[in-house]
Amino acid sequence: MSRVGEQLKKAREESGMSMKQLGKKLGVSDSFVNEVEQGRRVVNEALLERFTKVFGKDVTKMGLGSLEASVTNEEPEARRVQVKPKEEYKAPATPVSELWNQAFGDNIKNIPVYDYMMKDPIENRTYAVTGKKIEGHHADKVVAIKVMDDDLIGFRIAKGDLVLCTEVKEIQGTSVLLVEYKGKRMLRKAINLNNGNIMLLSNKNGEKSETMSVKDVKPLMKVFKVEFFI
């Protein structure tokens, strides 16, 4: 209870009035009177004058001191409004793009894009990661290769397209691979003939095939997805 509220309650009780009776005289509800006495309501100057008229004595001389000071000092802590100083905006030290990657690092991943020689990335592409995998393949083992020619145009793989790949050590069944053959790297449709030989297919100007020993072909990357651009 505040010091103001205590003094007003004391004056009411000395006058023999209930909260309801005092409320009627003041033109307020008994609950309002209770909140004033409990220190949960601020007593303004107009209300203070009404208290004076009801009690027949100047309540400002009841040891209340300055009304403004009393109300401010006795107001419950929970009702005080703390105004925080406006903080100056500071740009993040980390680039926004990097912050984005940190926030969604478990859901997206930057994949390097290479040419056929795979020495240095020529760019990066962002792909969605689901369960640490991209299109069913472990995200850390996926790379992208930019198609450098139209040798597989008949298979809807054209120059400028991107193919997503994973490393491969041997040729099994039929697949599209980046291979090294006779010192040259190329994308080819490869078929293991299961007789120690491999067939490499291209179809830029009609289908062409070459058959050679499996020992003469070095498989590098296996394509599992093609992205073409209109």
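Just give me the residues in the stretch 200-230 being in contact with an Asp or Glu (Cβ under 7 Å, 6 or more places away or on another chain) and either surrounded by 15 or more Cβ atoms within 10 Å (Cβ to Cβ) or charged (D, E, K, R) (or both), in sequence order.
Correct list: Leu200, Leu201, Ser202, Lys204, Lys218, Pro219, Leu220, Met221, Phe224, Lys225, Val226, Glu227.
Show the residue pairs that are 6+ apart or on different chains and have beta-carbon atoms under 7 Å apart, the first residue being within the stretch 32-43 and closer than 9 Å to Lys9 by Cβ, the second being of a type in the set (Lys, Arg) and crowded, with 18+ Cβ neighbours inside 10 Å.
That search, which allows pairs on different chains as well, returns Glu37/Lys9.
Within the stretch 167-189, does at least one residue satisfy the condition of being acidic (Asp, Glu), at pLDDT 95 or above and under 41 Å from the mean Cα position of the chain (by Cα)?
Looking for residues that are acidic (Asp, Glu), at pLDDT 95 or above and under 41 Å from the mean Cα position of the chain (by Cα), one finds at least one in the stretch 167-189, hence yes.
Please list, ordered by residue number, the strands (runs of 3 or more DSSP E) wholly in the stretch 188-230 having 2 or more residues that are assigned by TED's automatic domain parsing to the domain that holds Ile153 and either in contact with a Pro (Cβ under 9 Å, 6 or more places away or on another chain) or within 14 Å of Lys169 (Cα to Cα) (or both).
Numbers: elements: 197-202, 208-213, 217-227.
Passing ranges, in order: 217-227.
Taking the stated definitions as given, is Glu77 more than 30 Å from Leu164 (Cα to Cα) and at pLDDT below 75?
Taking the combined requirement at face value, the residue satisfies it.
The values are calculated or read from the model by the stated rules, or taken from the named source; none is laboratory data. Predicted model, so just to flag it, every value in this text is computed and none were measured. We place every Cβ from the backbone using ideal geometry, glycine too, and count neighbours over all the protein chains shown.
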